[in-house]
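Remarks on the structure that follows.
The values are calculated or read from the model by the stated rules, or taken from the named source; none is laboratory data. Since we're looking at a predicted model, the values are computed, not measured. Please note: Cβ atoms are built from the backbone with ideal geometry, for glycine as well, and neighbour counts cover all protein chains shown. Just the protein is used for accessible areas: all its heavy atoms, side chains included, with ligands, DNA and RNA removed. Shrake-Rupley method; radii C 1.70, N 1.55, O 1.52, S 1.80 Å.
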Amino acid sequence: MSTSNFQLDTNEPLDASDMRIGIVVAEWNKQITDKLLEGALSELQKYGAKEQSINVMHVPGSFELIYGCAEMARSGLVDAIIAIGCIIKGETPHFDYICQGVTQELAKQNSAGRVPVIYGVLTVNTLEQAESRCGGKYGNKGCEYALSAIKMINFARELKN
Ligand code: RBF
């Protein structure tokens, strides 16, 4: 599934200056997840998010994103969470188990409805595919994750008002 022909709508005025964003980043494939994080941070900054309102925490691998995001949600300190990871297909079925586990558990956290969790996990066949999505030919998906977080916080706020 290519996302080269898809762009999030940024026509509406977006203001993240009073938003508290949690970002949980997996250290596996750090050369990729660092760049996705950079993309997310620069996009948040672009929409006025304050540095002190962005809480970045690291976990060892994508599987630990489940616990990391759940605990961050439980803390009550953030309005949305971005989970950043990169899972690259290897020789064993590990890829499928980790992808399924992370995806299903992060989906459950979303339906629990405490705070929106943005799925920022690249699931790719090769390192090259990951590179092209963190600053390469498909842009930096980290920017999209940040934009999605801002939009989902607005969504939650609109419902409350
Ligand atoms: N974590 C990732 O974030 N991306 C990976 O591509 C990845 N591949 C793994 C492959 C194997 C064979 C194993 C054992 C672990 C892998 N992990 C990966 C780490 C996993 O998410 C988790 O941190 C560990 O399994 C410890 O719970």
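Okay, here's what the table says:
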read-out: √(5λ) per eigenvalue of the Cα gyration tensor, region 19-160, largest first, Å; value: 24, 18, 12
read-out: Accessible area of region 19-160 belonging to carbon and sulfur atoms, whole % at 1.4 Å probe; value: 54
read-out: Structure-based [θ]222 nm, the chain - -39500 (n - 2.57) summed over DSSP H runs of at least 4, per residue, nearest 500; value: -14500 deg cm²/dmol
read-out: Cα centroid separation, region 6-59 to region 87-161 (Å); value: 12
read-out: FRET efficiency for GLU71 and GLU128, using Cβ-Cβ distance with R0 set to 25 Å, rounded to 0.05; value: 0.15
read-out: Approximate shape of region 76-161 as ellipsoid semi-axes (Cα gyration tensor, √5λ), whole Å, largest first; value: 27, 17, 7
read-out: For the chain, accessible area per residue (1.4 Å probe, heavy atoms of protein chains only), Å²; value: 56
read-out: Given charges at beta-carbon only (K, R positive; D, E negative), |dipole| of region 42-96 in Debye; value: 160
read-out: Phi to ³J(HN,Hα) by Karplus 6.51 cos²θ - 1.76 cosθ + 1.60 over region 106-114, Hz, x for Gly, Pro; value: 5, 4, 4, 5, 5, 6, 5, x, 5
read-out: Other-chain or far-sequence residues with amide H under 5 Å of VAL25's (modelled H); value: MET57, HIS58, VAL59, ILE84
read-out: Accessible-area ranking of LYS141, LYS151, LYS160, LYS89, largest first, probe 1.4 Å; value: LYS160, LYS89, LYS151, LYS141
read-out: Contact order relative to length of region 19-160, as percent, for alpha carbon pairs under 8 angstrom and 6 or more apart; value: 33
read-out: Under 13 Å, Cβ to Cβ, from VAL24 - net charge with Lys/Arg +1 and Asp/Glu -1; value: -3
